[in-house]
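The values are calculated or read from the model by the stated rules, or taken from the named source; none is laboratory data. These figures come from a predicted structure and were not determined experimentally. Positions of Cβ are generated from backbone atoms using ideal geometry, with glycine treated the same way; all protein chains shown enter the neighbour counts.
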Ligand code: GCW
């Protein structure tokens, strides 16, 4: 055979297999990531066998938008997973039926007479039972959305291969408001979005509503997300105009059956820009009246409107302080406008406009803590996980545990502004776990952030959590297949902040990629290690905010071009001949005092401060000896190297999964790992070369020689590499 013949036969051979594959339906078909974790591909035959007799039909009595949607989901899901059409009926005439509903929607469920009060409005009970002498499974709830959550739970059991013959599960969400914040602009761009354009397509609304919005709502419902703020917190007043409210209402109509409520970010000066008033002073009666009328108008269009999300007096946004009023004056005025409709106001604590020479990490606490107990009953204070700004690692925010009379909710950033955007894999569940598990000592040992947030410590009426979304118009929603896991993880932790990262990873992999045991183990390990690896090659040992200015992709610890000191890396890392780090102890800014004892003393003492935060709290001498026995400089360098090594080995592990993962997603992720390796090297080299100009020490053994010079790294942003 000559070369051409050989090629031809390879092509024919390949085509043959593709054809056989498609006709048998068991070779992975085109996988573009669109279906996320709701793929519903047939389970392995051995597992299907076990399920078949237990999932013979779905019995949903009654109709309503939610009941219809959950019936559809169940039928599509089970039929796909079991490889056979599962019928929907409204009577139990088969063993193995799954009966779903509420006592109101379903006489069959009413007849069970179960007491479901403790499940609240969104919980569900999933139980094996007998009806008409037949073994059935019941999914019962107090609300149709609760029943929908039960359906998704049941589907997850199938997707992850769990036994379903003796079920007795009762669940309700631990946090009430489980919300995504979209930083979507009205022109379709997304601030800090790395997955395409805004999903909302404002220009087409309200006449045309993209079908994709239904999938967005389904996906959120599948992980229990029940609220969405549609527009950027750097808000445009027009989003509250009559024209845009109609568009928001069209979106709300699509989301409603899935239990997802709509919120809007409100620009504080909207009464001026939209209402033609001279001021937006919250004490001006005309201003308060304008907001009341605006709220009435919104609720006319969106009866279940959630309320306003507000970024005020932060990064140039207007706020009450613009009019010499304070945060409480502003928040409570808006709260009064939505209160008659049971709406809420979510006031962000990300405020750091302070005096010269201040410590930015102390600013949110300084600005907001004095108002504890003064916010109206329908105001929530949304606090970022750490005191600066979504850095790869931060200590927990000192406001958690410092506002016992305020309804504090955490804000996480699902989109990876500072963590390699959609090019680098950083599975964020471990990072969020770290925040939840942190002990604030607010009421003695065991006062974890989880307990502050879930209401068990301070018994606040409303609990919640927000995540800045990583979604966009890209076909795979998040710009890279593996970072879909962060959307999933956010929902799972919002539902139950006690779930382990490992469990979240394991579930997500089985639902999204494969149930092959070895592959699941490898991928779970890759996911759960990935965040620490990113910290290693970006900001080890407590470093932070040393990214390239503006876009924040890639390293630039030397960057000094921004107008304000606290937007420039040297402000944060404070490198000099003596050492590295921001002294936040008594000899420095003393912002460590914002924490409760004894955690305060632990952080404040160089000897006891966790090493992974050491330069966050201390200016650490280059030759300071760490627990490893190595000096600080050497340890820093080895962390950078370790990060690079991890990416290389993860890349290899991923390559080895090529037969197990479908070709399309396998290739797409492999490309991302290639970029991640490049990025990790650039991070390591640039940071070490730059910090070396201060430490004046050689790289320790085991750290590779930089590939380029510092000037070369300085010349070009990694974004344009
Ligand atoms: O992380 C910073 C971002 C800004 C963002 C701000 C915020 C929406 O760089 O883009 O603005 O935080 O959270 O308000």
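Of all residues in the range 649-668, how many are within 15 Å of residue 30 (Cα to Cα) and touching a residue at least 60 places away in the same chain (Cβ under 8 Å)?
The qualifying residues number 7.
Would you check which residues across the range 384-412 are within 14 Å of the ligand (Cβ to nearest atom) and within 23 Å of residue 614 (Cα to Cα) and list them?
Those that are within 14 Å of the ligand (Cβ to nearest atom) and within 23 Å of residue 614 (Cα to Cα): 384, 385, 386, 387, 388, 389, 390, 391, 392, 394, 397, 412.
Whether any residue in the range 189-198 is touching a helix residue (DSSP H, G or I) at 6+ places or on another chain (Cβ under 8 Å) and surrounded by 17 or more Cβ atoms within 10 Å (Cβ to Cβ) is what I want to check.
Scanning the range 189-198 turns up no residue that is touching a helix residue (DSSP H, G or I) at 6+ places or on another chain (Cβ under 8 Å) and surrounded by 17 or more Cβ atoms within 10 Å (Cβ to Cβ).
Of the residues 402, 335, only one is in contact with a strand residue (DSSP E or B) (Cβ under 8 Å, 6 or more places away or on another chain), closer than 30 Å to residue 570 by Cβ and surrounded by fewer than 24 Cβ atoms within 10 Å (Cβ to Cβ); which?
Testing whether each residue is in contact with a strand residue (DSSP E or B) (Cβ under 8 Å, 6 or more places away or on another chain), closer than 30 Å to residue 570 by Cβ and surrounded by fewer than 24 Cβ atoms within 10 Å (Cβ to Cβ) leaves just 402.
When the range 423-434 is examined, which residues are found to be over 21 Å from residue 678 (Cα atoms) and either modelled with pLDDT under 95 or more than 16 Å from the ligand (Cβ to nearest atom) (or both)?
Within the range 423-434, 429, 430, 432, 433, 434 meet the criteria.
Among all residue pairs at least 6 apart or on different chains, which show Cβ distances below 8 Å where the first residue, located in the range 70-94, is touching a residue at least 24 places away in the same chain (Cβ under 8 Å) and at positive phi and the second is part of a loop (DSSP other than H, G, I, E, B) and surrounded by 15 or more Cβ atoms within 10 Å (Cβ to Cβ)?
Final answer for the pair search is 83/42; 83/43.
Does residue 420 satisfy the condition of being out of contact with any strand residue (DSSP E or B) (no Cβ under 8 Å at 6 or more places or on another chain), in a loop (DSSP other than H, G, I, E, B), within 16 Å of the ligand (Cβ to nearest atom) and at positive phi?
So residue 420 passes the test.
So which residues in the range 161-200 are more than 16 Å from the ligand (Cβ to nearest atom) and more than 22 Å from the chain's Cα centre (by Cα), if there are any at all?
Residues satisfying the conditions are 161, 162, 163, 164, 165, 166, 167, 168, 169, 170.
Quick check on the range 423-439: of everything there that is in contact with a strand residue (DSSP E or B) (Cβ under 9 Å, 6 or more places away or on another chain) and either in contact (Cβ under 8 Å) with a residue 24 or more places away in the chain or assigned to a strand (DSSP E or B) (or both), which residue is surrounded by the fewest Cβ atoms within 10 Å (Cβ to Cβ)?
Here the residue is 439.
Just one of (1) at pLDDT below 95; (2) over 30 Å from the mean Cα position of the chain (by Cα) trips up residue 280, so point out which.
It fails just one condition, (1).
Would you point out the residue of the range 218-247, among those that are buried (at least 24 other Cβ atoms within 10 Å of the Cβ) and more than 21 Å from the chain's Cα centre (by Cα), that is farthest from the ligand (Cβ to nearest atom)?
Once the filter is applied, the top-ranked residue is 240.
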